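Following: one structure in structure tokens, then a few remarks.
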Amino acid sequence: MADTVAIVKQVERSATNNLPVYSEFRNNRSREMTIIRKIKGNPFVSRSPTPTQPSRARRMYLQGFCVCHMQALQRDIQKALGVKATVNSGGAIYIKGLVVEPVMQFLKDKGF
């Protein structure tokens with residue numbers, strides 16, 4: 001598998017130069033989630049989606065990133081932190097549990 005840094009072009013930082021890693025609570029704070037937003041793919045590495053791919057893949061490709069980029073970062077996070085992560089069609093990765101600090105450290109170690 002290719003290195004995540006080569007596949008994912010960037011994780012844009014906020015106006016205060018922080019990584020876009022957020023915590024979110026749902027269901028009366030019984031469901032804790034960590035979210036990584038503002039992920040952009042590398043257009044030179046991405047593959048154009050075929051008509052047989054799901055509409056989600058086509059929609060994400062048109063928004064500037066490919067599903068394969070998001071899934072590569074998702075797999076790396078799951079392996080490194082041992083948590084469950086899912087890719088959202090809005091360009092975010094949702095991670096089960098409150099793991100903001102480990103995710104930020106992981107992204108910094110990867111060069112984001």
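Among the residues of the range 1-47, the one identified as assigned to a loop (DSSP other than H, G, I, E, B), modelled with pLDDT of 55 or more and touching a helix residue (DSSP H, G or I) at 6+ places or on another chain (Cβ under 6 Å) is Leu19. Scanning the range 79-97 for residues that are exposed (fewer than 14 other Cβ atoms within 10 Å of the Cβ) and either of a type in the set (A, V, I, L, M) or over 13 Å from Ile36 (Cα atoms) (or both) yields a total of 3.
Kindly check whether there is at least one residue in the range 62-83 that is of a type outside the set (Val, Ile, Thr), modelled with pLDDT under 85 and over 15 Å from the mean Cα position of the chain (by Cα). Looking through the range 62-83, at least one residue is of a type outside the set (Val, Ile, Thr), modelled with pLDDT under 85 and over 15 Å from the mean Cα position of the chain (by Cα). When Val100 is tested against (1) loosely packed, with under 15 Cβ neighbours inside 10 Å; (2) modelled with pLDDT of 60 or more; (3) over 11 Å from the mean Cα position of the chain (by Cα), exactly one condition is not met: (1).
The values are calculated or read from the model by the stated rules, or taken from the named source; none is laboratory data. All values derive from a computational prediction rather than experimental measurement. Here Cβ is always computed from backbone atoms with ideal geometry, including for glycine, and neighbour counts include all displayed protein chains.
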